[in-house]
1. What's the Cα-based Rg to Rh of the chain, Rh via Kirkwood?
2. HN-Hα J couplings of region 7-13 from phi, Karplus 6.51/-1.76/1.60, θ = phi - 60°, integer Hz, Gly and Pro as x?
3. Mind checking which aspartates and glutamates have their C-alpha under 14 Å from Lys50, skipping anything on the same chain fewer than 8 residues away?
4. Can you give me the distance in nm between label points at His13 and Lys40, each placed 7 Å from the Cα along the Cα-to-Cβ direction?
5. Taking amide H positions as placed in the peptide plane 1.01 Å from N, state which residues far from Asn33 in sequence (5 or more) or on other chains have amide H under 5 Å from it.
6. Could you check which residue among Glu32, Glu42, Glu12 shows the biggest mean-square fluctuation in a GNM of the chain with a 10 Å Cα cutoff?
7. At 1.4 Å probe size, with every protein chain present, just tell me what the per residue accessible area of the chain comes to in Å².
8. Quick check: at a probe of 1.4 Å, how many percent of the accessible area of the chain sits on carbon and sulfur atoms?
Amino acid sequence: MNHRPLHQWQKEHHHRVKDFHKNHALALENGENGNGLLAKWERFVYKKGKALFKSAK
């Protein structure tokens, strides 16, 4: 029986989530998240939020 403690599974999960978000942010930066309406809105909100964040610094 292969037993891994719960915290090990959580650490692996968090690592996968971190990688997903990093790759998703890169796709948004490059405009590669799709051509649908939701994808366009997502890019719009991402770019406006990024500009707002930079102006607040």
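1. Numbers: Rg = 16.5 Å, Rh = 13.6 Å.
When Rh is taken as the Kirkwood radius, the ratio is 1.21.
2. With coefficients 6.51, -1.76 and 1.60, one gets 5, 5, 5, 5, 4, 5, 4 Hz.
3. Qualifying aspartates and glutamates at Cα under 14 Å: Glu29, Glu42.
4. Result: 3.6 nm between the two label points.
5. none
6. Most flexible of the set in this elastic network: Glu12.
7. Heavy-atom SASA per residue in the chain reads 93 Å².
8. Answer for the chain is 62 percent, counting heavy atoms of protein chains only.
The values are calculated or read from the model by the stated rules, or taken from the named source; none is laboratory data. Every value quoted in this text rests on a predicted model; they were computed, and no experiment measured them. Using ideal geometry, Cβ is built from the backbone for each residue, glycine included, and neighbour counts are taken over all protein chains shown. Areas reflect the complete protein model, heavy atoms only, side chains present, ligands, DNA and RNA absent. Shrake-Rupley method; radii C 1.70, N 1.55, O 1.52, S 1.80 Å.
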